[in-house]
Amino acid sequence: METFKTEKVTQATDKLILGGHEFDSRFILGSGKYSLDLIQAAVEHAGAQIITLALRRANEGGNANILDYIPKNVTLLPNTSGARTAEEAVRIARLSREVGYGDFVKIEVIRDTKYLLPDNYETIKATEILAKEGFVVMPYMYPDLNVARDLAAAGAACVMPLGAPIGSNKGICTKDFIQILIDELDLPVIVDAGIGSPSQACQAMEMGASAVMANTAIATAGNVPMMAEAFKKAIEAGRTAYLSGLGRIITKGASASSPLTGFLKEQEMI
Amino acid sequence: MGTKINESILTEEIKELQKKNRIDHMTYLPGMEVLDSDIQEKVIDRMNAYDESLYTAADVRRALAADICSLEDFEALLSPAALPFLEEIAQRAQLETRKHFGNSTYMFTPLYIANYCENYCIYCGFNCHNKIHRAKLNPEQMEKEMQVIAESGLQEILILTGESRKMSDVEYIGEACKIARKYFKVIGLEVYPMNSDEYAYLHQCGADYVTVFQETYNSDKYETLHLSGHKRIFPYRFNAQERAIQGGMRGVGFAALLGLDDFRKDAVATGYHAYLLQRKYPHAEIAFSCPRLRPILNNDKINPMDVHEQQLLQVVSAYRIFMPFASITISTRECERVRDNLIQIAATKISAGVSVGIGEHLEDADAKGDEQFEISDGRSVKEVYAAIQAQGLQPVMSDYIYV
């Protein structure tokens, strides 16, 4: 459960809690799209404690097994990429647990190969089944409040709304809707997909997101470890800003002292 | 649009045979499944309306500036007006490739299990009149071949046959898929077009990807190149991908054999064909191949005419910008230099350790059959793997799960 916004939170007590597990880092790193020998450096410089892993990629085995490149001290978050229906997602999640990747699962149900947009309806169905089976279910979703509430009711450990389509680097195009989720849900809201730069990650955290997940932006950076570190700092800065309470923002020049309520004083003088 | 033929294909024998009576290439044969689909009509209309001379530098600039590449932008990128912008086009293509695929470059190898063919495609080494050594692997031989291939570390296989339903029937191909399942994670097929229930059967056997080359989308030209056999039926071939998806296949591949006809029109049609199918079946994974004509056994003069490397790059890049999420395979028809550069720009899948004959991984000489075309990159799996890594890319053997 997230801390209530009125409670006093210090950075020392500020934890990300998912399915009863505590994490200090609020940066979830994707493992796809990398040159394998850069994954470890990315994880270290990101300070990430959770790394996603497509089961279909881990399935690879052979002479380039991605698992050999992921540090052992991080929590694996297997995802169900490749699933087009709830049923397929459930099957992949079960397989993932069978082969020993733990109870965490990020549900991705995608039946659109162009934008890779999640299918919210199928995602709810899969969440319901897997949560009952004891998985820590982290669903990738399109930010819709009703769906988010259904996911919460179905037993999700968090919701992972997209900022923009996967790999688009467009930032938080769905900003206002993610804000609604943050304001209305008791579950952690983790912004996933579309985050192309540290400033965008920072923005998500300032808004009150519980964590940010990124992959393409780091995997394709000129210097992968440096970019991982930049994201780490941005996420920490955004979180600290959120915790400290953002200051008053004057949007248009100076404000008159009481332009709308001034008339009340006139009445008093009579 | 003319039907002037790429003269390099023609031999005296072919010229004689072309004069003979031939069946109507637009009429389905008995047993061929007919779909209720308007995609073919749309693609052909669009291709016929494409006039490459209408595009200007301004159109190309607009296409490059657009966030999302429209069909009009795609057509501009394929026009001659785009050639002076090739560097910018390649850079944009590279950006899209990295956004969608990161550093991943997928590896696979084709396995030809039979080269019997009932078609007379005058540019193809397997055609039924070409006097080559025919062969067909039995299940034991297939298994041996697959073992050898799997030892190289590859996890994706593309099973190919010549197009003979008689000599390599659906069940035979199904057997190959079942054996392949034991050794590989990803199984693709490049065999003759079939009905959706047959695709469903092969999907059950373990295959999930189907590639069918349309060769050329100009049906009049198509008719002059495919003189006999079921392949002659243009619409049955055209609708193969849609039947494959209806049969439950996860992904489908498209290609025009560049150099057979006006390659710009063929590229427009290939892209639009894939685009419409993905629009109709949004879950379908889309793939392109970009083969150019190559010399064959008993005709070493065949060449892709006006499709030079520059034009090849233009087509591949245009596919990438138009459909950034699509897989693009680069053939061993191309040389090492071209292939290594194309995976930097737009291609995401590359074959290695390739043999386009039958039984070449075996020691048993009786099992061997001749090649379909000449390959230009004979590098082993290890060599291609190292070449990919040397470019800062990550070779990936499979990123797939059969569900």
Could you give me the residue pairs with C-beta distances under 8 Å whose first residue belongs to the range B:220-246 and is on the phi > 0 side of the Ramachandran plot, whose second residue is crowded, with 20+ Cβ neighbours inside 10 Å wherever it lies, and which are 6+ apart or on separate chains?
B:Gly229/B:Cys117; B:Gly229/B:Asn119; B:Gly229/B:Tyr120; B:Gly229/B:Cys121; B:Gly229/B:Glu163
Note: among B:Leu54, B:Leu17, B:Leu95, just one is in contact (Cβ under 8 Å) with a residue 60 or more places away in the chain and among the aliphatic types (A, V, I, L, M), namely B:Leu17
Just one of the numbered conditions (1) of a type in the set (Phe, Trp, Tyr); (2) touching a residue at least 60 places away in the same chain (Cβ under 8 Å); (3) crowded, with 21+ Cβ neighbours inside 10 Å is not true of B:Tyr199; which one?
(2)
Within the range A:183-196, how many residues are buried (at least 24 other Cβ atoms within 10 Å of the Cβ), modelled with pLDDT of 95 or more and not in a strand (DSSP E or B)?
0
Residue selected from the range A:197-245 under the condition within 14 Å of chain B (Cβ to nearest Cβ) and part of a loop (DSSP other than H, G, I, E, B), by the criterion nearest to B:Phe101 (Cα to Cα)
A:Thr220
From the list A:Ala154, A:Ala126, which residue is in contact with a helix residue (DSSP H, G or I) (Cβ under 6 Å, 6 or more places away or on another chain) and within 14 Å of chain B (Cβ to nearest Cβ)?
A:Ala126
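Residues are listed down the side, and each one gets a yes or a no for (1) within 14 Å of chain B (Cβ to nearest Cβ); (2) more than 29 Å from A:Gly47 (Cα to Cα):
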residue: A:Asp103; (1), (2): no, no
residue: A:Asp112; (1), (2): yes, yes
residue: A:Pro118; (1), (2): yes, no
residue: A:Glu122; (1), (2): yes, yes
residue: A:Val137; (1), (2): no, no
residue: A:Cys158; (1), (2): no, no
Answer yes if at least one residue in the range B:85-105 is of a type in the set (Ser, Thr, Tyr) and more than 14 Å from chain A (Cβ to nearest Cβ), and no otherwise.
no
Would you list the strands (runs of 3 or more DSSP E) that sit entirely within the range B:306-403 and hold 1 or more residues that are away from chain A (no Cβ under 14 Å), in contact with an Asp or Glu (Cβ under 8 Å, 6 or more places away or on another chain) and surrounded by fewer than 22 Cβ atoms within 10 Å (Cβ to Cβ)?
none
Looking at the range A:162-196 only, could you name the residues that are charged (D, E, K, R), under 18 Å from A:Met227 (Cα atoms) and either more than 13 Å from every other protein chain (Cβ to nearest Cβ) or under 11 Å from the mean Cα position of the chain (by Cα) (or both)?
A:Asp192
With the requirement that a residue be among the polar types (S, T, N, Q) and loosely packed, with under 14 Cβ neighbours inside 10 Å, what does the range B:12-47 give you?
B:Asn21, B:Thr27
So, restricting to helices (runs of 4 or more DSSP H) that lie completely within the range A:32-99, which ones have at least 1 residues that are within 11 Å of chain B (Cβ to nearest Cβ), at negative phi and not aliphatic (A, V, I, L, M)?
A:55-58, A:86-98
Looking at the structure I just gave you, is B:Tyr106 buried (at least 19 other Cβ atoms within 10 Å of the Cβ) and either at pLDDT below 95 or at positive phi (or both)?
no
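Residue-wise test of (1) over 24 Å from B:Glu215 (Cβ atoms); (2) at pLDDT 95 or above.
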residue	(1), (2)
B:Ile132	no, no
B:Leu158	no, yes
B:Thr161	no, no
B:Ile173	no, yes
B:Ile179	yes, yes
B:Ser196	no, yes
Condition first: in contact (Cβ under 8 Å) with a residue 60 or more places away in the chain, part of a helix (DSSP H, G or I) and either under 21 Å from A:Gly167 (Cβ atoms) or not aromatic (Phe, Trp, Tyr) (or both). Can you find one or more residues in the range B:100-108 that meet it?
yes
Condition first: assigned to a loop (DSSP other than H, G, I, E, B) and surrounded by 19 or more Cβ atoms within 10 Å (Cβ to Cβ). Now tell me which residues in the range B:109-127 satisfy that.
B:Asn115, B:Tyr116, B:Cys117, B:Asn119, B:Ile122, B:Tyr123, B:Cys124, B:Gly125, B:Phe126, B:Asn127
Any idea which residue in the range B:128-161 is farthest from B:Gly31 (Cα to Cα), counting only those that are in a loop (DSSP other than H, G, I, E, B) and in contact with a strand residue (DSSP E or B) (Cβ under 6 Å, 6 or more places away or on another chain)?
B:Leu154
Scan the range B:152-164 and tell me whether some residue there is within 14 Å of another protein chain (Cβ to nearest Cβ), acidic (Asp, Glu), farther than 30 Å from B:Lys221 by Cβ and buried (at least 19 other Cβ atoms within 10 Å of the Cβ).
yes
Which residue out of A:Gly171, A:Gly194, A:Gly102 is touching a helix residue (DSSP H, G or I) at 6+ places or on another chain (Cβ under 6 Å), touching a residue at least 24 places away in the same chain (Cβ under 8 Å) and on the phi > 0 side of the Ramachandran plot?
A:Gly171
Determine, yes or no, whether B:Val186 is on the phi < 0 side of the Ramachandran plot, in contact (Cβ under 8 Å) with a residue 12 or more places away in the chain, buried (at least 23 other Cβ atoms within 10 Å of the Cβ) and within 14 Å of another protein chain (Cβ to nearest Cβ).
yes
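The values are calculated or read from the model by the stated rules, or taken from the named source; none is laboratory data. Nothing here was measured: the structure is a model prediction, and the numbers come from that model. Ideal geometry is used to build each Cβ from the backbone, glycine not excepted, and the neighbour counts take in all protein chains shown.
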